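These notes are about the structure you will find just below.
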Amino acid sequence: MPNNKPLSFGGHALVWAGDWSEASARGAAASAKRAGYDYIEMLMIDPDSIDVAMTKDVLDEYGLFATASLGLSPATDVT
């Protein structure tokens with residue numbers, strides 16, 4: 001959950017990890033926290049593959065919240 005600061009800062013998980021396995025998620029979260037970030041942005045290429053319970057545990061452990069991003073190809077452009 002976002003904090004009460006007027007502006008939050010975060011980084012994309014791909015800066016630190018190439019996937020969202022538990023080990024990678026923990027490493028990315030630890031690095032984001034060390035950098036002083038408030039959140040971590042997760043890539044949602046395959047949302048069904050995200051382990052929601054594990055993600056919540058990791059975010060809670062490191063005091064972070066999450067945002068999500070999805071890059072679309074020209075074939076999946078929504079405009």
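FYI, it's all coordinate maths here, none of it is from the lab. Note that the structure is a prediction, hence the values are computed from the model and not measured. Don't worry about glycine lacking a Cβ; one is built from the backbone with ideal geometry, like all the others, and counts go over all protein chains shown.
Contact annotation: residue pairs with Cβ atoms under 7 Å, 6 or more positions apart or on different chains, pairing a residue in the range 13-36 that is acidic (D, E) with a partner that is assigned to a helix (DSSP H, G or I), are E22/M54.
Of the residues that sit in the range 37-49 and are without any contact (Cβ under 8 Å) to a residue 24 or more places away in the chain and either among the acidic types (D, E) or touching a Phe, Trp or Tyr at 6+ places or on another chain (Cβ under 6 Å) (or both), which one is farthest from L70 (Cα to Cα)?
Per the criteria, the residue is D48.
A count restricted to the range 43-71 and to residues that are under 11 Å from the mean Cα position of the chain (by Cα) and not charged (D, E, K, R) stands at 12.
Determine which member of the set M54, M44 is touching a Leu at 6+ places or on another chain (Cβ under 6 Å) and surrounded by fewer than 16 Cβ atoms within 10 Å (Cβ to Cβ). Unique residue meeting the criteria: M44.
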